[in-house]
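See below for the structure under consideration.
Bear in mind that the values in this text are calculations on the coordinates, not laboratory data. Quantities reported herein were computed from a predicted structural model and do not represent experimental measurements. No Cβ is skipped: glycine too gets one built from the backbone with ideal geometry, and neighbour counts run over all protein chains shown.
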Amino acid sequence: MKVSVQEIEQNRSEQVVIQCYRITDKVNSIISFIKSTDTSLVGYENEKMVELFLTEIFYVEAVDNRVFAYTENKTYQLRVKLYEFEETSKFMRFFRCSKSMVINLMKVDSVYPIFNGRFSAKLFNGEEIIISRRYVSELKNLLGGGEA
């Protein structure tokens, strides 16, 4: 698939044009992703409400019945359940990597196997996240690596 990017003047509206022979699942996935890049939710930093764009989030973790979103260098509390966040972000390449964590695959620098059938994902901010054995097969399929 060829990708072209053209810079325009600021007074013009940005747009994405997809030219395809037919609309496939892959094309629909691209459309959903593009439409969802402006998706945001409310995060809380010391009770201060902050608009948090999903594209800024590296991972989301449930700890002691609370849910936290981690960006490159900040942490925000979310007032949603982890499964609710997962449903909201399903077209944004977020992936359930353990019982208590969802990671943004767009923020993953590398993935490699570790012990006991688990994997480790190194994020662009330098953090390492463990992928539970239960989710490794799904991750390999998402990344195009086939079955575990």
Of the residues PHE58, PHE53, only one is closer than 20 Å to LEU142 by Cβ and either among the aromatic types (Phe, Trp, Tyr) or touching a residue at least 12 places away in the same chain (Cβ under 8 Å) (or both); which?
PHE58
Is it the case that some residue within the stretch 128-135 is closer than 26 Å to ILE31 by Cα and either among the basic types (Lys, Arg) or in contact with a helix residue (DSSP H, G or I) (Cβ under 9 Å, 6 or more places away or on another chain) (or both)?
no
Given SER40, SER29, SER13, which one is more than 21 Å from the chain's Cα centre (by Cα), at negative phi and of a type in the set (Gly, Ala, Ser)?
SER13
What residue, among those in the stretch 97-125 that are within 30 Å of GLU47 (Cβ to Cβ) and in contact with a helix residue (DSSP H, G or I) (Cβ under 6 Å, 6 or more places away or on another chain), is surrounded by the most Cβ atoms within 10 Å (Cβ to Cβ)?
CYS97
Across the stretch 63-73, which residue is farthest from LYS107 (Cα to Cα) among those that are loosely packed, with under 13 Cβ neighbours inside 10 Å and either in contact with a helix residue (DSSP H, G or I) (Cβ under 9 Å, 6 or more places away or on another chain) or among the polar types (S, T, N, Q) (or both)?
ASN65
For the stretch 82-99, name all the residues that are touching a residue at least 60 places away in the same chain (Cβ under 8 Å) and farther than 16 Å from TYR70 by Cα.
PHE91
For the stretch 100-133, enumerate the residues that are more than 17 Å from GLU72 (Cβ to Cβ), in contact with a strand residue (DSSP E or B) (Cβ under 8 Å, 6 or more places away or on another chain) and among the charged types (D, E, K, R).
ARG118
If you go through the stretch 28-67 one residue at a time, how many are part of a loop (DSSP other than H, G, I, E, B) and of a type in the set (S, T, N, Q)?
4
Please go through the stretch 100-139 and pick out each residue that is aliphatic (A, V, I, L, M), touching a residue at least 60 places away in the same chain (Cβ under 8 Å) and within 23 Å of THR37 (Cα to Cα).
LEU123
